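What follows is a set of notes on a single structure, which appears directly below.
Every number in this text was worked out from the coordinates using simple rules, so none of it is lab data. This is a predicted model, so every value here is computed, not measured. Note: ideal-geometry Cβ built from the backbone for every residue, glycine included; neighbour counts use all protein chains shown.
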Amino acid sequence: MSLTDGLPHIFRRRLLEKKVELLDELDAAPYTPPARNSFDEGSVLFEDTDGDFDGDFDATASRSLLGASTVSGATHSDVAQLTRKPTLFPPEPGLPAEAKDLKWLRILGSCIVVMSNGVQYSLSQFSPAVSEKLGPSTMASAISLLICFFTLGCIFHGTVLMTVLDVRQSVLLTSPLVFSLLLSNVALQTGTRWLMLLSFSLTGFGIGPSFLSAIIHMQFWLPKNPALASSVAMAFGGLGSVAMAILIEAAIDTRGVSSSFTLLAFTLAGLQVFGGLLLKMPDLSESHAKDLLVSHRSKLDASARFTKSKDTDAFRHGLGIELRPQEIVGSWQFALFWVSAFTAVGPGYALFANLTMVFKESLGMPHRVASTWVILVNLIATLLGRLPTGYVADRWNISQRKLFGSGSRSMFLLFHCSQMAALAASAYIYRGHEYLALFLILVLTCIFGGCNVLIAALSRELFAPINSSAVYGLILTSTAASALVYPNLLPALHRITGEDFTYNIICSFASAAGTLCCLMLKPLPQAYGISTSLLDLNS
């Protein structure tokens, strides 16, 4: 019987790695231990100390260990491959076998629901008609409020609904709010600006819980590829934005603006109801992830909850310790994450909310050409931004060639640096260099799509999977704040200065601040139950 039989997978992997190290270094003198690059070492889960695997074994003890145990089901080459590609975090076990029969149907349901989220990137198609009746800044303000209340809906879902309702019930309960979009017809007919803003706000609160439900639902069905799950879901959101932009443009031409709002409201409701009926969490009665669905918050203090949580399957399988919202928000890591998320998506929100204005006024495009480019930008941001980001991040996570930490954090840093450079360049080339300016707009929107994917993945990575729903809801306060600031800052500075130079310079400096925050991002030690010293060693 192998010494590894019956042990948790994290410990088993550590033992296998150690055996290969001993095989490689047995005859070498002196023995130099390899650098640690995985949270699998020294975890307080197993009450190990930092010196437990220092490698100062004598040759006799080493040979005894190697001779007394066998590696069940693995060859030396398999184990060697494992050690060549260590991951920063312990991998989550896959789904139970009995839960895989309807896996792709459930994933399809998530994709359909997330398509409704694409509406926030296509509403700028209404800008000419709305600006004519309600003022030039109305549409940008309305979209900003929609995104803000979308975030509030996500927070409400992550901290309240998720604890009392399952994902299907959450989606079906909040989806009727999208019919608030019908109030926009009344606002246009009466010239009431505040009613238009109220309509968009309630609509945002209706699609927020559905979006978060679908993202978390897909991550549960693809537990080994959380970044890819976020990427696929948001790619469908991007495809939804393309489809709705085409739908809005065609409906305005054939039926008028009021009918377009009505058609859009029924489209959103149909996507949410149909997709929501397909949502169902996997049967986790035999799985570690059961603890993610059961609220086990207690009134105990943090140390008592930590001791209690060490015996849960969730902690045993690397899913972490559940934290209260105030513990998450009060951490430095959340503050750094908040600032970096704010600067990551702000320029993208500003572009999507004012895309028609930018194309017409800054680049001098005719209305029809500008509308076509709105659709193309949404499509390109999906295919080159949202879709590949999750796959690359997951592949990079298992590679040794990282800038720091994990693949997701490395990509987040690169996106910030690229965005800073693109904004600085945009400040000087909008006038007289239309094609280059268009290219930079595409770069910024692709970065925006990729950063949205990484924010969802990092919510799970930095604060442990067990806290992913609450963290993602809370971190979206950052994206909501950026959606309020950036889309209104762009047209305001354009009206004041007559150009976009000042806006781009300000955003470039803000992006530099976000880059500094990215450099300091690390997983929260309390969430993973590891010592701060070991965290510093691994990051």
Checklist entry - To the nearest 20 debye, what charge dipole does segment 97-538 have about its Cα centre, counting +1 at the Cβ of each Lys and Arg and -1 at the Cβ of each Asp and Glu? => result 300
Next on the checklist: Just to verify a number: FRET efficiency for Trp104 and Arg395, C-beta to C-beta distance, R0 = 22 Å, to 0.05?
Outcome noted: 0.55
Checklist entry - Label points 7 Å out from Cα along the Cβ direction at Leu376 and Gln326: separation in nm? => result 5.4
Checklist outcome for this item: Beyond 24 Å, the calculated P(r) of segment 375-509 holds a percent of Cα-Cα pairs equal to 37
Item to check | Residues Trp396, Trp104, sorted so that the one with the fewest Cβ neighbours within 10 Å comes first | outcome: Trp104, Trp396
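If you rank Asp166, Asp253, Asp394 by fewest surrounding Cβ atoms within 10 Å, what's the result?
Details: Asp166 15, Asp253 11, Asp394 21.
Arranged by neighbour count, lowest to highest, Asp166, Asp253, Asp394 become Asp253, Asp166, Asp394.
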Checklist entry - Beyond 16 Å, what percent of the Cα pairs of segment 346-446 remain? => result 61
